[in-house]
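Accompanying notes for the structure given below.
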Amino acid sequence: MRHQLRLQTRLQNALLRHYNINSQYKPHLIRDYWEPVIGLEIHAQISSISKLFSRVGTRYGAPPNTQVGIFESAHPGTLPVLNKRCVEAGIKTALAFGATVNKISLFDRKHYFYPDLPAGYQITQLDYPLASNGRLEFIVLNSSLHKHPYRHSVDLLQLQLEEDSGKSIHDKDNNRVLVDLNRAGQPLMELVFAPGLRNGEEAAAMVKEVALILTRIGTCNGRMHEGALRVDANISVHRPDEPLGTRTEVKNLGSIGSLLKAVDYEIQRQIDILESGGNVTSETRSFDTHTQETISMRDKEVIQDYRFMPEPNLLPLRLHDSSEPNCQYDGSLDISKVRAKIPELPEATRQKLIRDYGLSLENAFLLASKDDLLDYFMAVMSNTKRSSKLVCNLLLNNLLEALNSINTDITNSPLSASAFGEIVDLQQSCRIVTNISQQVISAICIERDSRSPTQIVLDNNWLQLSNDVMEEIVEKILADNLELVEKYKKSKKKKLLNALMGKINKASDNRANMKIVNDVLLKKLSS
């Protein structure tokens, strides 16, 4: 019990530090000045072909109880053997979050009795984890409470290695519980973050960034629908300058949508209780995806005693860092070698896109969020004369829309990066207009036209009209719509101007450069 109380004290101290030190923090007040406080614990399954303490496989979707060895099933006399790959993954993750990797860390036994835990205890880390004192900065892109994207940061208190438990399957039809031990012993990283979040949108944005970082560095695939990333949310509300409120924990949130809705629902539930004169109960809750509500699982009024004790079958995990002065190699794992394997992190990629290509934060965020999309963009931009903004606009709007309509992704795009670049060049050189670019993209992606973009344009007579031809069309439309022209001259209403523009575009078979048309039209209307 003392171990759990010690961790709770660390969380409390982190919260006080967050309020007193973080100058960027501005309390997020909602209805009648209530202030929510949210902290997340994220369980990330390490991408490894074998489990944390045995050589048994970790294949997702394998038939029940086929990925189980004698250690996971707790046969007497079996001993844990620590997976080096998992330790390296934990170190790499800690370094990516700017955490301090501890040269010595210890494993503990956390005791509880449940059918999906055959040994009666879980091997984890508590007081001496693999790493501590990190920090995560992330971007809240879509917020209902803020007009523009903004940055927020949260401290990473500690990162620990632990084994997963099995999975209980509740068969209500036959009134029985089935146990699948495939997941037992799966390697996990638990990332314990300080309570520095203020609403469901920030929680969702934070988990997205965590998943993106883990995916980028290759330590977790981030697939929440497979259970590779699971989130526990600790939530409380209080009034400013008053003591912190009673905390509830919402367990096992398995999707970004569930996390967002569960946090916001729980905030509102607690406010309703307090405003009606009631008291919030310290309890563990779950989120019902059907009712979109959190429901009680068990209370926490009496802290459960997990009887933590040192794991007797595992020696202390010792590491060294050869980049430090006077470091002597002692045969242990080298932190410096793991550090050298860390690729460019998503935030650095975003900053590079903004700096080198002049992209907006929103577009840089979208490109950096998917490696295959970023690779496609960079391949197109290998021609440095191309407009990055034009490339980005056609890629994120037109091409992705076409691919979505045929239910495919950028990796399997029928339109190669070189052919896409050809479309960009045609539009950038004013040989075709935006509408035609869309039609060429659709022809190749949806209709599976095998011709080159240039050949498609020439065969369909889709080249942009010359300025002289556009001016003739404008004059004809004005002559044929004198009543509409007179109404516009009197009212200057934009919808009347747009009506004329639409008629001109239709008369040009969508081949007119509408920016030039707009200039010509306004000039003639003012004369």
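The values are calculated or read from the model by the stated rules, or taken from the named source; none is laboratory data. This one's a predicted model, so the numbers in the text were calculated from it and none came from an experiment. Note that each Cβ is placed from the backbone with ideal geometry, even for glycine, and that neighbours are counted across all protein chains shown.
Annotations
- Residue within the range 402-420 that is of a type in the set (A, V, I, L, M, F, W, C), surrounded by 15 or more Cβ atoms within 10 Å (Cβ to Cβ), within 25 Å of GLN464 (Cβ to Cβ) and under 24 Å from the mean Cα position of the chain (by Cα) present: yes
- Given (1) out of contact with any helix residue (DSSP H, G or I) (no Cβ under 7 Å at 6 or more places or on another chain); (2) closer than 28 Å to HIS148 by Cα; (3) acidic (Asp, Glu), number of the condition ASP372 does not satisfy: (1)
- Residues of the range 269-290 that are on the phi < 0 side of the Ramachandran plot and without any contact (Cβ under 8 Å) to a residue 12 or more places away in the chain: ASP272, ILE273, SER276, GLY278, ASP288, HIS290.
- Residue in the range 127-141 that is surrounded by fewer than 19 Cβ atoms within 10 Å (Cβ to Cβ) and under 28 Å from ILE49 (Cβ atoms) present: yes
- Taking strands (runs of 3 or more DSSP E) as the structural unit, those lying wholly within the range 79-157 and holding at least 1 residues that are at pLDDT 95 or above and either among the polar types (S, T, N, Q) or outside the structural domain of LEU197 (by TED's automatic domain parsing) (or both) correspond to 121-124, 131-140.
- Number of positions in the range 166-182 that are surrounded by fewer than 22 Cβ atoms within 10 Å (Cβ to Cβ) and either touching a Phe, Trp or Tyr at 6+ places or on another chain (Cβ under 6 Å) or not β-branched (Val, Ile, Thr) (or both): 11
- Where a residue in the range 161-183 is under 26 Å from CYS86 (Cβ atoms) and its partner, wherever it lies, is among the hydroxyl-bearing types (Ser, Thr, Tyr), with Cβ under 6 Å and at least six apart: GLU162/THR124; VAL179/SER168
- Of all residues in the range 274-313 being assigned to a loop (DSSP other than H, G, I, E, B) and over 35 Å from the mean Cα position of the chain (by Cα), the one that is modelled with the lowest pLDDT: VAL302
- Qualifying positions in the range 230-246 - modelled with pLDDT of 95 or more and either within 17 Å of GLU202 (Cβ to Cβ) or touching a Ser or Thr at 6+ places or on another chain (Cβ under 6 Å) (or both): VAL231, ASP232, ALA233, ASN234, ILE235, SER236, VAL237
- Qualifying positions in the range 249-268 - among the small types (Gly, Ala, Ser), in contact (Cβ under 8 Å) with a residue 40 or more places away in the chain and touching a helix residue (DSSP H, G or I) at 6+ places or on another chain (Cβ under 7 Å): none
- Test: residue in the range 106-119 that is of a type in the set (Ser, Thr, Tyr) and more than 29 Å from GLY331 (Cα to Cα): yes
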